[in-house]
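Worksheet for the structure shown next.
The values are calculated or read from the model by the stated rules, or taken from the named source; none is laboratory data. Everything numeric here is computed off the predicted structure, so don't read it as measured data. Heads up, the Cβs are rebuilt from the backbone with ideal geometry, glycines too, and the neighbour counts pull from every protein chain shown. Keep in mind that these areas ignore ligands, DNA and RNA; they rest on the heavy atoms of the full protein, side chains included. Shrake-Rupley method; radii C 1.70, N 1.55, O 1.52, S 1.80 Å.
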Amino acid sequence: MKVEFVKADETYAEFILRDSYPAFANAWRRAMKSLVPTLAVDYVDFYMNSSYLYDEILAHRIGLIPLKTNIDKFNLQDQCVCEGEGCPSCQVSLRLNIEGPKVVYSGDFISDDPDTRPVFDNIPVVELYEGQQLMLEAVARLGFGREHAKFQPVSVCTYRNLAKVRVNGENCTGCGKCFEICPKGVFEIKDEKAEVVNEYACSLCRDCIKVCEQDAIEIEETDDFAFKVESVGQMDVKEIARRALAALRSKAEEMIKIVDEL
């Protein structure tokens, strides 16, 4: 198996997993969503809330604010020396004390750790009117997407089978029906013949085969898979993919060890 990146930046990537199989592709997708640890607000202590929103609603909103940090400097709480009681090695506090009139944004939180901050400063939390006040402490910890969606490092993580598309030039009459019906722009008509110009975009709908009266088009699934992954901004997409593969490898090694002990 090998991976080829089609496009990539800090928050979005498209890549091809070649010579693989559906079980592994799906396992990798699920691992990127649920096995890569991220930092998110776990609970909120309210000292003053005279806004028009209940504490529970505000806590839910704050919990969904993506936080950017160096996750390697924190321990999982069940693996920390404090045994889950909470300490600077496994959690970080973000404080807020604001009076209205003002719209409270994610950038208004003050973090105890200079490396930990909201990914975006312009996420609205609540609007405070004259005389209203919001004073709280939000405590964040490492967690996994399998626990709660707020710990997922990705907002989009999908894959699809890539197709092998062939046109038999001897049978093709250049009628253009495949070109007209294909929504992905896979075909073009050149020199009165259909040619495959964008095989990567094929979605395996096979509508082109249905309209081709000369049976000139052949489509088959391959062992290649095209991934589209969008990060929420906490870490680079390539880093998410790498950590997901490391998690899968760890689970495989653990399974081999269990089997050997039986």
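Per residue, the convex hull around the alpha carbon atoms of the range 111-168 comes to 204 Å³.
Can you figure out the FRET efficiency of SER203 with ARG249, using R₀ = 35 Å and their beta-carbon distance, to the nearest 0.05?
0.65
Residues whose amide H comes within less than 5 Å of that of TYR43, counting only those at least five positions distant or on another chain, are VAL139 (H built at 1.01 Å from N in the peptide plane).
For the chain, relative contact order (Cα pairs under 8 Å, six or more residues apart, normalised by length) works out to 27 percent. Each peptide among 236-249, 15-28 gets the average number of other Cβ atoms lying within 10 Å of its residues, and from highest to lowest they stand as 236-249, 15-28.
For the chain, the cysteines with no partner cysteine C-beta closer than 4.7 Å are CYS157, CYS172, CYS175, CYS182, CYS202, CYS205, CYS212. Remark on ALA194: its backbone amide H falls under 5 Å from those of GLY174, a criterion applied only to residues 5 or more positions apart or on other chains, H modelled at 1.01 Å from N.
Whole-Hz Karplus values for the range 145-159 come out as x, 5, 7, 7, 4, 5, 8, 6, x, 10, 9, 9, 7, 10, 9 Hz, taken residue by residue from phi with 6.51 cos²θ - 1.76 cosθ + 1.60 and θ = phi - 60°; glycine and proline positions read x.
Which whole-number percent of Cα pairs in the range 83-143 have a distance greater than 18 Å? So the portion of pairs separated by more than 18 Å is 41 percent.
Solvent-accessible area of the chain (1.4 angstrom probe, protein heavy atoms only): carbon and sulfur portion equals 48 percent. The percentage of C-alpha pairs in the chain whose separation is greater than 35 Å is 39%. One Cα centroid belongs to the range 19-66, the other to the range 181-253; the line between them spans 30 Å.
Is the range 126-208 best put as rounded, prolate or oblate by its Cα gyration tensor, with a ≥ b ≥ c the root eigenvalues, rounded for a/c under 1.5, and otherwise prolate when a/b is larger than b/c, oblate when not? The shape class here is prolate. Model label points for THR173 and TYR129, set 7 angstrom from Cα along the Cα-to-Cβ axis, are 7.3 nm apart. Computed from the C-beta positions of CYS87 and ASP45, the FRET efficiency with R₀ = 25 Å rounds to 0.90. Screening the chain for DSSP H helices whose Cα atoms reach 27 Å or more along their own axis and whose mean Kyte hydropathy is at least -1.0 gives 237-261. Distance between the modelled labels on GLU213 and LYS184, one decimal in nanometres: 2.6 nm (7 Å Cα→Cβ projection). For the range 195-250, the solvent-accessible area of protein heavy atoms averages 51 Å² per residue (probe radius 1.4 Å; ligands and nucleic acids excluded). Classified by the C-alpha gyration tensor, the range 38-145 has a prolate form. Its axis ratio a/c, with a ≥ b ≥ c, is 1.5 or above, and a/b is larger than b/c. Mean residue ellipticity at 222 nm, helices only, the chain: -6500 deg cm²/dmol; runs of at least 4 DSSP H residues each add -39,500 (n - 2.57), and the sum is divided by the number of residues. Taking amide H as placed 1.01 Å from N in the peptide plane, VAL103 has its amide H under 5 Å from the amide H of LEU128, each at least 5 places away in sequence or on another chain. Summed over the residues of the range 1-74 and divided among them, the accessible surface reaches 54 Å² per residue at a probe radius of 1.4 Å.
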